[in-house]
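Read the structure below first, then the notes.
Taken together, the values in this text are just the output of simple stated rules run on the coordinates, not laboratory data. Keep in mind it's a predicted model, so treat the numbers as computed, not measured. All Cβ positions, glycine included, derive from the backbone under ideal geometry; neighbour counts span all protein chains shown.
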Amino acid sequence: MLLDSIHTEHGYINRLLRLLRTKLAAIREGHDVNYQIIRDIVTYLQNQAEHCHHPKEDVIYHYYLSHYGDEQRILDLEAEHVELAKLTSEFAETVDMVLMDAVIPLDVLAEKLNAFVERQKQHLDMEEKQVFPVIRQHFTSSDWAAVESEYQECLCDPLFGKEVSAQYRELASRLES
């Protein structure tokens with residue numbers, strides 16, 4: 001079922017957010033941090049969340065709204081996906097600046113990283129705890145079949161799929177440890 005795959009992807013994203021929290025703690029404690037790992041996480045989220053994950057959710061949300069009426073939490077999600085894409089892009093720029101040796105105070109970087117992680121986590125929690133239960137309550141097996149037929153599956157996940165792409169091998173090994 002499409003919602004099960006979304007739930008699995010939320011688990012992947014939560015793993016990445018936990019790794020970012022460890023990086024945040026290291027930054028706050030003044031330890032050395034591999035900023036490329038942070039950039040890899042942000043790149044993954046930009047590519048997978050914005051091009052595969054959120055469009056998958058949007059198919060479900062649009063179907064729900066057209067068949068079951070307005071639900072404010074669901075109406076707000078498309079705009080929230082746009083907001084998250086903007087936040088991710090802005091944070092990616094900050095990390096890129098760090099990687100290019102721009103001087104960014106660690107407290108500023110930590111604040112931006114914390115805001116990024118917290119906002120992502122809030123979004124996932126809201127979907128899991130407030131939106132998905134409503135959808136599960138209403139959708140019938142024919143509704144699920146209809147949304148599955150509307151969704152065009154993305155290519156293999158480059159980090160959590162069967163094969164890890166070269167770009168994410170270091171990140172994958174960090175997630176395993």
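Every helix of 4 or more DSSP H residues in the chain counts as -39500 (n - 2.57), and over all residues that averages to -23500 deg cm²/dmol at 222 nm. Taking one quarter of the surface of the C-alpha convex hull of the chain gives a mean projected area of 10.6 nm². Partner lysines whose Cα lies under 19 Å from the Cα of K121, excluding those fewer than 8 positions away in the same chain, are identified as K23, K56, K86, K112, K129. Sparse packing (at most 11 other Cβ atoms within 10 Å of the Cβ) combined with a DSSP loop state is found for the following trypsin sites (Lys or Arg not before Pro) in segment 89-177: K162. Exposed loop sites are taken as GluC sites (Glu not before Pro) in a DSSP loop (any state but H, G, I, E or B) with at most 14 other beta carbon atoms within 10 Å; the longest stretch of the chain without one runs 30-152.
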